[in-house]
1. Given the C-alpha centroids of segment 1-64 and segment 73-149, what is the distance between them in whole angstrom?
2. Filter Lys2/Lys133; Lys106/Lys136; Lys39/Lys143; Lys111/Lys143; Lys2/Lys111 down to the pairs with a C-alpha to C-alpha distance above 22 Å, please.
3. For Tyr88, Tyr67, give the ranking by accessible area with the largest first, probe 1.4 Å.
4. In µm²/s, what is D for segment 34-98 at 10 °C and 1.306 mPa s, where D = kT/(6 pi eta Rh) by Stokes-Einstein and Rh is the Kirkwood radius from Cα pairs?
5. Please work out the Cα convex hull volume for segment 1-74 and give it in Å³ per residue.
6. Rank these residues by their accessible area, most exposed first, probe 1.4 Å: Lys133, Lys39.
Amino acid sequence: MKLTMERITGGEEEVIIRYREMNERLETIAGIVRGGGQKICAVSEGRTFLLSPESILYLESVDGVTYAYLEDQVCRVQASLLELAMVYESRGFLRCSKSMVLNIYKIRFLKSEAGNRIRATMENEEQVMISRKYAKDLRQRLKGGVKGDEE
């Protein structure tokens, strides 16, 4: 995909997307540009605030409570892990284990491990293990595929 950016001194900012066929990646980009991104309600240190899904490294469920891990803090989230994984799948969220959902756009690098598992090092240097059950989904997403695509 080619990216062209041009600085302007006046007038309205504009984003033009040219495509042969609409896909999940382009829909995500369009959603971000539209600003129609939903926010996630979170609680940290007694304060309630709205999180942008793009700021989340990963989500984890511990004893039935869902937590959002950000670059430098952890917040409790009211929604379930399953619900968040489904709603934000098009924005890079991927189930990586029974109790965890990963934001693939926040991965710094990946390393294959024994037993067909994958170790993901996140932008904040935390390491997350992707179980073999979900490793195939990650590989497919990284190759640009969508769940259910079969040739």
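1. Cα centres, segment 1-64 to segment 73-149: 17 Å.
2. Listed pairs above 22 Å: Lys2/Lys133; Lys39/Lys143; Lys2/Lys111.
3. Tyr67, Tyr88
4. Answer, rounded: 131 µm²/s.
5. Convex hull of Cα atoms, per residue: 169 Å³.
6. Reading off the accessible areas and sorting them downward yields Lys133, Lys39.
The values are calculated or read from the model by the stated rules, or taken from the named source; none is laboratory data. Quick caveat, the model's predicted, so the values are computed rather than measured. Note: accessible area is taken over every heavy atom of the protein model, side chains too, but ligands, DNA and RNA are not part of it. Shrake-Rupley method; radii C 1.70, N 1.55, O 1.52, S 1.80 Å.
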